[in-house]
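The values are calculated or read from the model by the stated rules, or taken from the named source; none is laboratory data. Computed from a predicted structure; not experimentally measured. Positions of Cβ are backbone-derived with ideal geometry, glycine not excepted, and every protein chain shown enters the neighbour counts. Please note that ligands, DNA and RNA were not included when accessible areas were found on the heavy atoms of the full protein model with its side chains. Shrake-Rupley method; radii C 1.70, N 1.55, O 1.52, S 1.80 Å.
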Amino acid sequence: MALFLPCNILCLHLFFFINSYGLTQPSHRFLKTPISSSSGKQNTNGTYKGGWELASENSGVSAMHMFIFPISNKVVMFDGAVFGPSQVQFSSGDCPPDDGVHCWAHAVEYDIHNAAVRPLKILTDTWCSSGGLSANGTLVHTGGWSSGERSVRYLSGCPTCDWIDYPISLSGIRWYSTQQILPDGSFVVVGGRRMFNYEYVPAEGEINEKNFDLPFLRQTTDPNENNLYPFVFLSTDGNLFIFANNRSILLNPTTNKIIRYFPILTGGSRNHPASAMAALLPIKIHDPDPNPTLIRAQVLICGGAKPEAATLVDKGVFVTAMKDCGRIEITDPYSTWHKEVMPTPRIMGDMLVLPTGTAGWNYADDPNLTPVLYEPENPKTKRFTELTATNIPRMYCSTAMVLPDGKILVAGSNTNYYYKFKDVKYPTELRVEKFYPPYFDPLLDSDRPCIISNHKGKRAIRHGESVAIKFELKKTNIKESNVKVTMYAPPFTTHGFSMGQRLIVLGKSKLKNVGSEMFQVDAVAPPTAEIAPPVISCASKCSLPRLENIDENCPANWLTVSCAPPETPTESMEFLARSWSVSATELSKALSNTQAVSDSRNLDKSTVSSIGIESSPTVLNESIYKSILRGKTIGRWLKDQKEKKKQEIRTQNAQLHAAVSVAGVAAAVAALAASNVSPETSATQKKTPPKTCAALASAAALVASHCIEIAEEMGADHDHILTVVDSAINARTNGDIMTLTAGAATALRAAAILRTKLQKGYGTKTFALADEKGEGKDSNMLIALNFVSKGGELLKRTRKGALHWKQVSFDINSNMQVVAKMKSKYMAGTFTKRRHVSVVTGVYCDIPAWPRREDIGSELKAYFGIKTEDRVIEFESKTNNEKQMWTEGIQHMLNCNANVT
C-alpha cells in the first residue's frame, strides 16, 4: 500500500494506492459509491481489470488541454477560438472581444463531483499551447496560435476567477511548445513551430526581450517537423532532459549549456506529429537517508510513428503506429536506451497511468480503445497489462489525468477542423468518462485504509522535513515494507504529453501502532528543490513575503451565519457617514442573505466606447494612401487598425474586471465589519459591540457601495456585480479573503499594464476602422479590403485543368504592387506550405463555369480570375456574394495602386 499526496509537492489530501506507478487508492470517505464488479471485468485468474463510468454527456468544449487545480479540485478544459462555435455560450453582454465565433466559450471549469461547467473567457487563441502549475497554485499558461502565440496567461482557482492575459510577454512564437517548472519556481518554455530556441517566462506583466538559441531543435526537425511539443523533464540534479524527434540532450538551465548528448532512440519519430507518449518514472527517495548523493531519474517513451507518416497520410496511405518503448536512466552518465514492446501500437496516448487513444487530424482511423497498465518494477516481460476497454474512441486532442480520488478522468477528441457532430466518421467528442483502475477491485474494499491526518491548510512542508501521517486500517499489524508514501504534482496535459507530471516516493523513518487499528508513519519530504520544486517562490527569482500563522482553511471566527442590515443611524455623524444610494441598500440586503432588488436604472451593458476617435471616410482614405507611400501594405494597415481596436476593448474589459473584483473585495470586508456588530455576534460574545466596530461597519458599507457604483458606471453588468458580491460575502475562511484580495490586486495590475501599453503604443488619438455595419461606399471599400487582405480558401485551376485548394490572400507590397499570396494544403490538411507570390495587374469577373463541375452543385458556386505577368489564374468561390467580395477587394487595391503611382 502507499500513501498518496496528489498536490503540488504540498500535502492537501491523503489517499492510498497499490501500484508503484502512481495509481491512487482512495479511502472510504472519498469513495461514496464503490464501483461494482459489473463495471469492469476479471480475467481467468480473478484479477480485476478496471471499469468505466460516463461522468458527463456534455463538457461543453473539446478538451484539447486539461488541468486540475489541487486545492479546489476543479478541472479546466479548453481548446482554441479557431475551432468555431462550441456547446457553451456566454450570457448576453459578456462575450469575449473579437472572438470570431460570436459568444461561444472555448474554456470551461469542470466540477469533478457533479459535472457542472462554468464558462471561462479566453482573450487570445490557446490552440496548441502549454502550461504548468506555479508555486502559488496558479495555472501559468503560455503560447498558442495567432493572437496567442506570444501570450502568457494566468488562471487562479477561485470560484469567480477568469483568465488574465498578457498577449506580448514572450519573445518568441510559442505554438506547440513545452513548459516546465524549474527548482526556483520559475518556468522555461522550449521550442514551438520553427522556434529553435527557448526562453524563461517573465514575471507577470513583464515582456521578454531575450531567448536562448538551441541548435539541437533545428537539427532534429525534418520535412514533417516531428519535433513539436518536445519532451522536457526536470532531472533530480537540476538539469533539463530535452527529447525531440529521436534525440535527446541534458541542458543546464543555470549556464544555458548542453552538458550531455544521449544515444539516439531508434525506431522512428516520437514527437508531434508522430506523437509518442513520455513520462518521468517515479522518483524514489531512498530509505532511511533523506539526503542521498544520487537520486535516480528514469524516462519512459512509448509509441510514435515513422518520420514520413504525416506525408503519406496526405496521400491516403496509413502507416501503422509504433508499439515499442524506450527507457533510459538520465542520471547515469553511461546509460543507453532499453527497448520494450507494448501489446498494441499507439499514437498520442496519455501516459499518466494508462495510455489511451490514437491521433490524426482529419485523417484519423482505427482507434485504440484498450488502456494499458505499465508496472516498472515487474520483470521486463510482465510489465504491460491490458485493461477493460472503453467504447468511446479517443482520437486527436483527447486528454486524461489522475483525479484526487484515484480515478482517471478522460475527455476530448476532435479529428475535425471545427466542432462537428454528424456526417463525419469520428464526431467531436464532448462526453467525459472516469476510469476505475485495478486498485478499485471490490475484493479490496475490506482492506482499504482510511486517512485520519489532515494536512490541508497547514504550513508548507520544508525540504527534508519529517511528516507524521495517521491512518486507520482494520488490521492488527502491518509491515513497514508494505507502506509507501508519495507526492504527486498535477500536470498540464495536451497532445499526449503531461507537462510537469512528477511522482515522488518519499523516505520513511518509522511506522508504529498508535491505537486500536490505528497506525502512524513518519515520512521524509524530498531533500532539495531539484527533486521537488518549491511550494512558495517568486517566478522572477525575487524574494516573496510569507503570511505566517494563517490557516487558510480554518473557519473565520468573524463571520456569522447571517448579517443583519445596518440599523437606522441615531447620531448626526453616524448619519453623515452612511451612504443611502441604491447600491448601499442592495448591499445591505445581500449581507442579510435576502433577495436583492434589481436596480431600476437602465444600465448600458455594452462596453464603453473605445479610446480611439472615429475618423471620417475621407480621412481613412488619406490614411491608407499615406501608409502605402510609407511602405506599409494595406494588409498591415488594416491589421494594425484592427489590433488597436482589439487592444482598446481588451483594456476596457480588463478595467471592468478589475472594478468588479475590487467591489467583491469591498463587499467581503463589509460583511466582516457588519458581522462584528450583528446581534448574533453580540449574543455570542456577551457584550455590546463598541462604537468603533459600528463606525467601521458604516465606513466599509460606504466603500463597498461606492465601488459597486463605479463598476456600474464603467459599464459592468448589474446582475454580474450582484453575483460577485453575493459570492464574496459568503467567504468562509481566511484563505477565501486572501484569494479575493490577490485576484483583485492582480486584475488591477493587469488593467494598469494594458492601459500603459495602449497609451505608449497608440497615443491618445488613433484611427479606428469604420463600422462594418455602416453604409456608404467608403465603408464597403474597407470591408472588401479587409476581406481580401485576411484571405480564405479558394479552389484554383492549373494550366492542365487540375484543381487544388489554396489559402489565398491579397496585399500591396512596398513597391506599390498588388500581389496574390497562395499557400497549399500540407500536413493533415493544414495550410502550411511555403507561399507562392504573384503580381496582379487585373481582375476578371466573367470567368465561365468550369467543365464537369455541374454535378457537384456548380449553381451555388461562382468563378473569377486574376491577371498576372504570365497568365490568367482562375478561382472557384463558394457563392456569388463571396465572389463579389473577392473581385471588389482586388479592384480597390488596384485602384489604390493607380492613385498612388
**OP:** For residue 117, tell me the accessible area in Å² from a 1.4 Å probe, rounded to the nearest 10.
**Re:** 60 Å²
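Would you mind classifying the range 168-286 by shape? Square roots of the alpha carbon gyration tensor eigenvalues, ordered a ≥ b ≥ c; an a/c under 1.5 is rounded, otherwise it is prolate if a/b is larger than b/c and oblate if not.
On the way: a/c = 1.74, a/b = 1.12, b/c = 1.55.
Since a/c reaches 1.5 but b/c is at least a/b, the shape of the range 168-286 is classed as oblate.
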**OP:** Quick one: grab the alpha carbon gyration tensor of the range 387-476, order the square roots of its eigenvalues as a ≥ b ≥ c, and give me rounded if a/c is under 1.5, else prolate or oblate depending on whether a/b is larger than b/c.
**Re:** oblate
Subject >> 18 Å Cα-Cα threshold exceeded, pairs from 644/757; 121/646; 861/883 >> reply: none
Subject >> Sites matching trypsin sites (Lys or Arg not before Pro) across the range 244-351 that sit in DSSP coil, with at most 11 neighbouring C-beta atoms within 10 Å >> reply: 315
Original post:
Considering only protein heavy atoms, what per residue accessible area in square angstrom results for the range 41-196 with a 1.4 angstrom probe?
Top reply: 31 Å²
Original post:
If you rank 126, 879 by how much accessible surface each has, with a 1.4 Å probe, what is the order from largest down?
Top reply: 879, 126
Original post:
Cross-link list 323/508; 425/645; 210/323; 425/878; 315/800; 800/867: which exceed 29 angstrom alpha carbon to alpha carbon?
Top reply: 323/508; 425/645; 210/323
Original post:
What are the extents of the Cα atoms of the range 217-269 along their three principal axes, listed from largest to smallest and rounded to whole Å?
Top reply: 33, 19, 16
**OP:** Report the FRET efficiency, 1/(1 + (r/R0)^6), for residue 470 and residue 335, where r is their Cβ-Cβ distance and R0 is 41 Å, rounded to 0.05.
**Re:** 0.55
Original post:
Leaving out ligands, DNA and RNA but keeping every protein chain, what accessible area does residue 65 have, in Å² rounded to the nearest 10, with a 1.4 Å probe?
Top reply: 0 Å²
**OP:** Go ahead and run the numbers for FRET between residue 380 and residue 814, Cβ-Cβ distance against an R0 of 41 Å, rounding to 0.05.
**Re:** 0.05
**OP:** Quick one: check the C-alpha center-to-center distance for the range 164-217 versus the range 231-249, whole angstrom.
**Re:** 16 Å
